[in-house]
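Values quoted throughout were computed directly from the atomic coordinates according to the rules given, and no laboratory measurement underlies them. Computed from a predicted structure; not experimentally measured. Glycine also receives a Cβ, built like all others from the backbone with ideal geometry; neighbour counts cover every protein chain displayed.
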Amino acid sequence: MISRFAALACSVVSLALASPAPAQAPSGFPAKPVRFIIPFPGGGINDVLARVAAEKLQVKWGQPIIIENKTGAGGSIGADYAFQAEPDGYTLLVSAPGPLAINHSLYKQLSYRPEEFVPITVLGSVPNLITVRAELGVDTVAALVKLAKANPGKLTYGSQGVGSTPNLNAVMFMNMTGTSFVHVPYRGETLVVNDMLGGHVDMFFGNISPVLPHYRDGRFKVLAVADTARAPSIPNVPTTTEAGLPGFLSTAWFAVMGPPKLPDALAQRFAADFIEVLKMPDVAARYRAVGTEPVGSTPARTAVFLREEIARWREVIVKNNIQVE
């Protein structure tokens, strides 16, 4: 099975899995364009990774791949759209954890059933960070905690909404440090970053991709990497354990899923094709350029991994009584 994350994290190297055995898909498949449903706005890491893979797959398949961003309700609108699609292989969901491992613990009712999606593969894994705008004037996690305790309820953090990974990360941080921040929700991570650049939001507990260019130009400070190892793209930044916050671990991932009742032969075929693409040096380089380690997993291993992640996030949500109507 996929190496399980230790407290929501693991080394991305351990997620590099063997390709599945070839499967027999319908003759001539695909015979028309394939749609990738992205349940979050364009420009975010979810969107970027899907488009990079799509460029190669449409050449391999000889058919266009249409990227459709269907946003809202923490990714549930796009997920529901993909859930309702015909299980013929022409509509796939490419999603971050929210719609697949978080929302059914977060919402009292969902219009789709995450457990009925057919797992295909995990595209990539990316560490989450503790990031602040440079003007905040803190260089370490300890300094951030000290500033927050001196100014309770005054510092702000942005996320993609209640129940998003950055929101849950911030809640865990506050629980562990005894601090109190103000949550400012947005429709996408790009909007959070833009408002941080404008000085309207102080912090982001999200993934490395949208943060990296602004860290490099000095406008953001990354205080820690929420993983068990330092991130290769920012090797001078300590892990949360090294920064004095052991146990604060969070790694994002992006999975490809088929609608309910997608035939196993198609799921296996898709997984094999995605894995082939993820092994291409130029694809791997483009993933790593945005702080993502390409993964590639069999449908069976992806299913086990998803069950583990569902249980992990449910514990965080229930412990903190986080609910969305």
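I need the peptides 207-216, 302-311 ranked by packing, meaning the mean over residues of other C-beta atoms within 10 angstrom, with the highest value on top.
The peptides rank, most packed first, as 207-216, 302-311.
Give the relative contact order (percent, whole number) for region 129-225; include only Cα pairs under 8 Å separated by 6+ residues. Display every interim value, and only then the final one.
On the way: 169 pairs, mean separation 43.9, N = 97.
Rounded, it is 45 percent for region 129-225.
If you plug each phi of region 150-160 into the Karplus form 6.51 cos²θ - 1.76 cosθ + 1.60 with θ = phi - 60°, what whole-Hz ³J(HN,Hα) values come out, in order, with x for Gly and Pro?
Those phi angles translate into 7, 9, x, x, 10, 6, 10, 10, x, 8, 7 Hz.
Could you work out [θ]222 nm for the chain from helices alone, using -39500 (n - 2.57) per DSSP H run of at least four and dividing by all its residues? Round to the nearest 500 deg cm²/dmol.
When only DSSP H runs of four or more count, the value is -10500 deg cm²/dmol.
Roughly how compact is region 184-325, stated as its Cα Rg over 2.2 N^0.38 Å to two decimals?
With N residues counted in region 184-325, Rg over 2.2 N^0.38 Å equals 1.23.
Using the reciprocal of the averaged 1/r over all distinct C-alpha pairs, how large is the Kirkwood radius of region 129-225 in Å?
Radius from the Kirkwood sum: 12.9 Å.
Apply the Karplus parameterisation 6.51 cos²θ - 1.76 cosθ + 1.60, with θ equal to phi minus 60°, to every residue of region 104-119 and state each ³J(HN,Hα) to the nearest whole Hz, in sequence, with x for glycine and proline.
Per residue, the Karplus-derived 3J(HN,Hα) values read 6, 8, 8, 9, 5, 9, 10, 7, 9, 10, x, 5, 8, 4, 9, x Hz.
Just order 44-53, 218-227 by mean Cβ neighbour count inside 10 Å, highest at the front, would you?
Going from most to least packed, we get 44-53, 218-227.
Which of F181, F173 comes first, and how do the rest follow, when ranked by fewest Cβ neighbours within 10 Å? Intermediate values should be presented prior to the final figure.
On the way: F181 20, F173 24.
Arranged by neighbour count, lowest to highest, F181, F173 become F181, F173.
Any idea how far the Cα center of region 203-220 sits from the one of region 138-171, in Å?
Comparing the Cα centres of region 203-220 and region 138-171, I get a distance of 15 Å.
Ratio of Rg to Rh for the chain, alpha carbon only, Kirkwood?
0.97
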